[in-house]
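I have placed the structure first, in the form of structure tokens, so that the comments after it can refer back to it.
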Amino acid sequence: MIDTWSNALNRFTRNTDLFSRKNKVYNLHGCPLKCAGAHRPPDSVIEETKNKTYNLSGIGGLLFETIAIKMNFTPVISRVVDVTSNYDPVFANDSSTLSIDVGSKKVDIAFGIFSRLLDFHPKISFVMETNMDCFTWAVPPNAGVGPSMWTTYVGEFSWITWVLIICFLISVIPVFYFLTYLAFNEDNNFKEWGFLSFFVYFTFLGASVEEKPHSNVLRVFLAPWLFYCLVLGAAYNAQLGSFATVPTKVGNIENPADLLKTSFGITGAPQMFHVLNASINTSDVIRSLLKRFEVLPPGNFLPVIEKVVTDRNLAVFSTKSLLAYSNEKLKARNMPTSYLQPSCVIKSPSSPMIVPRVSPLLEPLSGIIHRLFEAGILSRWESEAKQRNKRDSFQLEPKLYLQQMQGAFLLLISGLMLSVAVFIAEVVTYRWIFPPPDLMTQLIAEGYKIPFTK
């Protein structure tokens, strides 16, 4: 179908070089290709239907369908690997089973999302990388170290405010001592340094003091001082009172160093152990966490994230996209979600497709993906897929029917009827209270006193 042999000319009629750059295989004329997919939500979602076909969504699925139409080949999907369900069939040692199938040429194209750390194989080629995989930890929310007791009592004001308060307390004592000498009728107690110190301290705390100043000089100074103590004490007492009603805010575990200080169980998929093991020389914290790492058994990934929230003694290492997708599923169940550490422990380039290393499909696939990436279509698909998954993860709110609002409508209608009745009564009684102008003039001329005048 690419070239035709001519018996008359004893040669090919087109004389086309199949593997030249100009004539790469961009049109496969409907030829079937053996394909395999990786179900890795939310970036690549592959759902099997009842008639043994597959519905593709996410950026990986949309890109594969577009390329199949553009290059005109018939995809024969022979295998789909669910990254979120079973661990043993997905990964093998430091690579994945799909990479092994592509490397052994059992599969022509594998589509989904493939990371160089998770899917590396010496006999495969990654089509153009379009994103970066972020590996991080999912930890229980608000599981950090809470504030100390001293922080609770002094956290109401900043350290600058506390310094000003102490300086003001110290400076008030000599001012009182100086003012006592300006007063002629003051008791001798206010002329003692010890008494003045306790007097200032007791008034600052709001305690009762039997001694009262008698001179106007001290009273004038004491009035703003008591007002200052009242405002400051009310603010501080309100903060102390809130401790009994408002729970203390506990921070989150923000980085692996904070996670190392806890006694949480450290776990993840088998492949995540190889990812951390490859980075063991980059950080002492990773080396210490790897010693506590326990590989998860085969099973669904969502119950593991649910256990992180409910048991609050577990930390899971995985890709940030998969952890965020699991949190959205928990939100759909009206459950609390885990906290994802914002910083990436490890980053790795990811590609939407992999092919055998010497495949002639590598350059056409890379060219198409490159054009879609430069045109911004991949970014548009990615944003639409995230918005769709976010909408699907939340439960729909129940519809608001008129029966549920009958109380509000009865109150509204009653108010309207009452206002109409009041309006009619005002119109009717207006003539009685305020007669017409000509009649009012006649009545005044006759000496009649109007009870209400404007």
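The values are calculated or read from the model by the stated rules, or taken from the named source; none is laboratory data. A quick note: this is a predicted structure, and the numbers were derived from the prediction, not measured. With ideal geometry, Cβ positions are generated from the backbone for all residues, glycine too; neighbour counts draw on all protein chains shown. Calculation scope for accessible area: heavy atoms of the full protein, side chains included, ligands and nucleic acids excluded. Shrake-Rupley method; radii C 1.70, N 1.55, O 1.52, S 1.80 Å.
Is region 398-413 home to any residue that is at pLDDT 80 or above, open to solvent by less than 100 Å² (accessible area, probe 1.4 Å) and more than 32 Å from the chain's Cα centre (by Cα)? Yes, region 398-413 has at least one match.
Tell me, which residue of region 292-302 that is touching a strand residue (DSSP E or B) at 6+ places or on another chain (Cβ under 7 Å) and not in a strand (DSSP E or B) is surrounded by the fewest Cβ atoms within 10 Å (Cβ to Cβ)? Going through the qualifying residues, I end up with 292. When residue 149 is tested against the conditions (1) at pLDDT 80 or above; (2) open to solvent by 90 Å² or more (accessible area, probe 1.4 Å), the lone failure is (1). Summed over region 275-289, residues that are in contact (Cβ under 8 Å) with a residue 24 or more places away in the chain and open to solvent by less than 70 Å² (accessible area, probe 1.4 Å) total 8. If you go through region 132-146 and keep only what is modelled with pLDDT of 85 or more and assigned to a loop (DSSP other than H, G, I, E, B), you end up with 140, 141, 142, 143. Scanning region 181-193 for residues that are outside any helix (DSSP H, G or I), open to solvent by 50 Å² or more (accessible area, probe 1.4 Å) and either modelled with pLDDT of 80 or more or not charged (D, E, K, R) (or both) yields 184, 185. When residues in region 270-286 are screened for being farther than 13 Å from residue 117 by Cβ, assigned to a loop (DSSP other than H, G, I, E, B) and not β-branched (Val, Ile, Thr), 2 of them pass.
Residue 256 passes every criterion in (1) exposed (fewer than 14 other Cβ atoms within 10 Å of the Cβ); (2) modelled with pLDDT of 85 or more; (3) closer than 30 Å to residue 289 by Cβ apart from (1).
Exactly one residue out of 365, 323, 330, 289 is modelled with pLDDT of 90 or more, over 23 Å from residue 134 (Cα atoms) and part of a helix (DSSP H, G or I), and it is 365.
Here the condition is being modelled with pLDDT of 90 or more and part of a loop (DSSP other than H, G, I, E, B); of 310, 337, it holds for 337 alone.
The residues listed here are 164, 196; of these, the one that is open to solvent by 90 Å² or more (accessible area, probe 1.4 Å), modelled with pLDDT of 80 or more and in a helix (DSSP H, G or I) is 164.
Residues in region 303-320 that are open to solvent by 30 Å² or more (accessible area, probe 1.4 Å) and under 18 Å from the mean Cα position of the chain (by Cα): 306, 320. If you filter region 53-79 down to residues that are assigned to a helix (DSSP H, G or I) and of a type in the set (Val, Ile, Thr), you find that the one that is least open to solvent (accessible area, probe 1.4 Å) is 67. Residues of region 347-380 that are open to solvent by 70 Å² or more (accessible area, probe 1.4 Å), of a type in the set (D, E, K, R) and farther than 22 Å from residue 40 by Cβ: 357, 371, 374. When each of 452, 394, 434 is tested for being more than 28 Å from residue 110 (Cβ to Cβ), surrounded by 12 or more Cβ atoms within 10 Å (Cβ to Cβ) and either among the β-branched types (Val, Ile, Thr) or modelled with pLDDT under 65 (or both), the lone residue that passes is 434.
Among the residues of region 32-81, which ones are basic (Lys, Arg) and free of Cβ contacts under 8 Å to residues at least 24 places away in the same chain?
Scanning region 32-81 gives 50, 52.
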